[in-house]
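This report refers to the structure that appears directly beneath it.
The values are calculated or read from the model by the stated rules, or taken from the named source; none is laboratory data. Remember, it's a predicted structure, so these values are computed and weren't measured experimentally. So basically every Cβ, Gly included, is an ideal-geometry build from the backbone, and we count neighbours across all protein chains shown. Each accessible area value is taken on the protein alone, full model and side chains, heavy atoms only, with ligands, DNA and RNA left out. Shrake-Rupley method; radii C 1.70, N 1.55, O 1.52, S 1.80 Å.
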Amino acid sequence: MKTAELVKALLDVDEEVFLLHGEINPHPTVVIVGGAAFLLRDLTTRNVTHDIDVFVADSMVRQVMASYPNINGAVASYADQIPYNFEDRLVPINIPSRTIDYMTPCTEDLAVMKLYASRPNDIQDIDGAAQRGLIDWELLEKLVYDHNEASASALSPNRYKELVYFYEQFKEKWGQQ
């Protein structure tokens, strides 16, 4: 899916939720993660992803999304890959939805998630953000090392050690001390 297809799918969900439920106040929030988040915020050098990973959405929105084959509404397994207080740093996605507030974690929270996975496309995403100067290295450092952030959500000490290892490699690659 290219960015335009991602936006169309999200706006289609927004329209369907509106048709089924009318105006909802406050608007439900949907948090997008993964490659779609990078594409929707123009943070990566790649131009396609396979699906839209939805990390947070209420049940009413998830029911509508379930009929969309390219929307993955069951990504709770990412909970150990995102810094604990990510909700404090959510960033709105700039699309003209009328019922749903679409958000992503901040670039640095997304980078932590990508560092945990460390697959080639994940590294490409964070390299793109670094290349464009879109990473706040001080915040990323805090999210990786502060005991109230990435380590607080890690499922095991070994999993957290892997994150730190990949982060140190990433920092070195981009000349960060």
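A few remarks follow.
- Single residue of Ala36, Ala74 found to be hydrophobic (A, V, I, L, M, F, W, C) and part of a helix (DSSP H, G or I): Ala36
- Checking Asn94 against (1) of a type outside the set (A, V, I, L, M, F, W, C); (2) without any contact (Cβ under 8 Å) to a residue 24 or more places away in the chain; (3) farther than 30 Å from Lys8 by Cβ, the condition it does not meet: (3)
- Positions within region 73-105 being of a type in the set (A, V, I, L, M, F, W, C) and within 14 Å of Val56 (Cβ to Cβ), in sequence order: Ala74, Val75, Ala76, Ala79, Ile82, Phe86, Leu90, Val91, Ile93, Ile100, Met103
- Odd one out for Leu110 among (1) farther than 30 Å from Phe18 by Cα; (2) under 18 Å from the mean Cα position of the chain (by Cα); (3) part of a helix (DSSP H, G or I); (4) of a type in the set (A, V, I, L, M, F, W, C): (1)
- So Ala152, is it at pLDDT below 95, closer than 25 Å to Glu87 by Cβ and open to solvent by less than 90 Å² (accessible area, probe 1.4 Å): yes
- Residues that are open to solvent by 10 Å² or more (accessible area, probe 1.4 Å) and assigned to a helix (DSSP H, G or I), drawn from region 128-141: Ala130, Gln131, Trp137, Glu138, Leu139, Glu141
- Tally of residues being crowded, with 22+ Cβ neighbours inside 10 Å and within 17 Å of Leu40 (Cα to Cα) across region 108-122: 6
- Considering region 87-104, and only residues there that are of a type outside the set (A, V, I, L, M) and assigned to a loop (DSSP other than H, G, I, E, B), the residue that is most open to solvent (accessible area, probe 1.4 Å) turns out to be Asn94.
- Among the conditions (1) in contact (Cβ under 8 Å) with a residue 60 or more places away in the chain; (2) open to solvent by 30 Å² or more (accessible area, probe 1.4 Å); (3) touching a Leu at 6+ places or on another chain (Cβ under 8 Å), the only one that Asp125 does not satisfy is (2).
- Enumeration of residues in region 125-160 that are among the basic types (Lys, Arg) and closer than 26 Å to Arg41 by Cα: Arg132, Lys142
- Thr107 falls short of the stated requirement of being among the β-branched types (Val, Ile, Thr), touching a residue at least 40 places away in the same chain (Cβ under 8 Å) and farther than 22 Å from Gly35 by Cβ.
- The residue list Ile24, Ile32 contains one member that is within 30 Å of Ser118 (Cβ to Cβ) and either without any contact (Cβ under 8 Å) to a residue 12 or more places away in the chain or open to solvent by less than 50 Å² (accessible area, probe 1.4 Å) (or both), which is Ile32.
- The set of residues from region 59-70 being under 18 Å from the mean Cα position of the chain (by Cα) and over 12 Å from Ile100 (Cβ atoms) comprises just one member, Asn70.
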